[in-house]
Every structure is written in structure tokens, then in C-alpha cells.
1. Under a Cβ-Cβ cut-off of 15 Å, what is the net charge of the residues other than residue 38 that fall near it, where Lys and Arg count +1 and Asp and Glu count -1?
2. Can you figure out the FRET efficiency of residue 39 with residue 3, using R₀ = 22 Å and their beta-carbon distance, to the nearest 0.05?
3. Please give the calculated 222 nm ellipticity per residue for the chain, where each DSSP H segment of at least 4 residues contributes -39500 (n - 2.57) and the sum is spread over every residue; nearest 500 deg cm²/dmol?
4. Could you compute the net charge surrounding residue 2? Neighbours are other residues with a C-beta less than 14 Å from the C-beta of residue 2; K and R count +1, D and E count -1.
5. Considering only 38, 19, 27, give the residue with the highest GNM mean-square fluctuation for the chain, with springs between Cα atoms whenever their separation is below 10 Å.
6. Near residue 25, within a Cβ-to-Cβ distance under 15 Å, what is the net charge of the other residues, with Lys and Arg +1 and Asp and Glu -1?
7. Run through the chain and list the trypsin sites (Lys or Arg not before Pro) located in a DSSP loop whose Cβ has at most 16 other Cβ atoms within 10 Å.
Amino acid sequence: MELAERIVRDPGILGGKPVIQGTRLAVEFLLELLESGVSGEELLVNYPGLTREDLEACRLTHLG
């Protein structure tokens, strides 16, 4: 799966905010956690459905 395909918007999920595909984890939420000092490794442990590629897609979305 391409990184760009990992981020989706659906009006029925979190009001259409960008989320990781197949989850209700908002990109904004994950980026806030990373910016507050939570490590990517901690996120992967706390959210087992999340992958390193998902986190990379969040970072790229934020930069784009």
C-alpha cells in the first residue's frame, strides 16, 4: 500500500478528519502525540493496529 493510501477521509468517521485507513486514529491526534514527545515506538505498542508506515504517512501528510 502506498503511503498516500494509508490516510483516508470519510464524513462518517470523526467528521471527515483524515484518519489512518481502517482505524479511527486521526492524523492530527497522532501528530500531536509525536510533537508532545511520545515516541513512534510507544504509539506502535499502544495502538497495535498502527504500523511504522502509517506514522510515516502522517508525517508526510503534515509536511505536504
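No value in this document is a laboratory result; all are computed from the given coordinates. Because the structure is predicted, anything quoted here is derived from the model rather than measured. Note: ideal-geometry Cβ built from the backbone for every residue, glycine included; neighbour counts use all protein chains shown.
1. -4
2. So the FRET efficiency works out to roughly 0.65.
3. -12500 deg cm²/dmol
4. Summing Lys and Arg as +1 and Asp and Glu as -1 gives -3.
5. Among 38, 19, 27, the largest mean-square fluctuation in the Gaussian network model of the chain belongs to 38.
6. That works out to -1.
7. Listed in order of number, the matching sites are 9, 24.
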